[in-house]
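One structure is given below, encoded as structure tokens.
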Amino acid sequence: MYPQSVFVAGSRQISRLPAEVRTRIDTMTDKGFQILVGDANGADKAVQRYLANKAYPNVVVHCMGNHCRNNVGQWPTRQVPAPSGARGFDYYSVKDRAMAEAAQYGLMLWDGKSKGTINNVVSLSRQNKLVVVYVAPTRSFQTVRSFDDLKDVLAKGDPASVRRLAHELHLDTFQGDSPVIESPPGRREILTKT
């Protein structure tokens, strides 16, 4: 039987792991979970650094193409092929989708602004995978099981950033400062408890 795997990622602005996040990661490593992490600076590198300091071996670093920007623990890598012509967000989101598909769970560290982190939450949720979001501005955890849960997470973020990213990710209609998240056609619940 393969070990449970967790996709751990977050905003590039989060370069240090708060104690409460380290505690969550400790629980995963105590249970022998496989950690799937990207190679970006910020949260990815901070998670890698923490796992390397623990000498935790069960990590797979996901990179675009044949070059990893960061692999602090010299763990095995999964090289995700780059789509032709993709740049920026579209380029790196391919790697994130691969991790979301491979993982059973997600732990996302959100700075209240990052589009990529919320995109990962949506990607995991649409696959009915449990996602826990650490919302840095409120130093709180939120489990996302439905679009109402996602709405609650977004309400804790920077309002201007949330309006922009929700529009760019095709998640929203907004009325004033309150986000109203629309579910995909025919689907209200995006995550069932596992």
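A compact table of results
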{"item": "Pro57 over 18 Å from Val131 (Cβ atoms), more than 14 Å from the chain's Cα centre (by Cα), surrounded by fewer than 17 Cβ atoms within 10 Å (Cβ to Cβ) and modelled with pLDDT of 95 or more", "result": "yes"}
{"item": "Criterion: farther than 18 Å from Arg78 by Cβ and surrounded by fewer than 18 Cβ atoms within 10 Å (Cβ to Cβ) - qualifying residue of Arg126, Arg97", "result": "Arg126"}
{"item": "Single residue of Gly65, Gly106 found to be modelled with pLDDT of 95 or more and either touching a strand residue (DSSP E or B) at 6+ places or on another chain (Cβ under 8 Å) or within 22 Å of Lys129 (Cβ to Cβ) (or both)", "result": "Gly106"}
{"item": "Subset of the range 131-149 (residues that are under 19 Å from Ala43 (Cβ atoms) and under 15 Å from the mean Cα position of the chain (by Cα))", "result": "Val131, Val132, Val133, Tyr134, Val135, Ala136, Phe141, Gln142, Thr143, Val144"}
{"item": "2 or more residues free of Cβ contacts under 8 Å to residues at least 40 places away in the same chain and farther than 30 Å from Arg163 by Cβ: qualifying strands (runs of 3 or more DSSP E) within the range 1-113", "result": "34-37, 59-64, 77-80"}
{"item": "Matching residues, the range 66-88, being farther than 26 Å from Ala52 by Cβ and surrounded by 13 or more Cβ atoms within 10 Å (Cβ to Cβ)", "result": "Ala82, Ala86"}
{"item": "The range 143-167 - residue that is part of a loop (DSSP other than H, G, I, E, B) and in contact with a Leu (Cβ under 7 Å, 6 or more places away or on another chain) and, of those, nearest to Lys129 (Cα to Cα)", "result": "Arg145"}
{"item": "Unmet criterion (only one of (1) of a type outside the set (S, T, N, Q); (2) surrounded by fewer than 17 Cβ atoms within 10 Å (Cβ to Cβ); (3) closer than 12 Å to Ala9 by Cα) for Ala155", "result": "(3)"}
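Every residue, every condition in (1) hydroxyl-bearing (Ser, Thr, Tyr); (2) farther than 24 Å from Gly112 by Cα, yes or no:
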{"residue": "Ile14", "(1), (2)": "no, no"}
{"residue": "Glu20", "(1), (2)": "no, no"}
{"residue": "Gly32", "(1), (2)": "no, yes"}
{"residue": "Val47", "(1), (2)": "no, no"}
{"residue": "Lys54", "(1), (2)": "no, yes"}
{"residue": "Val59", "(1), (2)": "no, yes"}
{"residue": "Cys68", "(1), (2)": "no, yes"}
{"residue": "Pro81", "(1), (2)": "no, yes"}
{"residue": "Ser84", "(1), (2)": "yes, yes"}
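The values are calculated or read from the model by the stated rules, or taken from the named source; none is laboratory data. Predicted model, so just to flag it, every value in this text is computed and none were measured. Quick reminder, even Gly has a Cβ in these numbers, built from the backbone with ideal geometry, and neighbours come from all protein chains shown.
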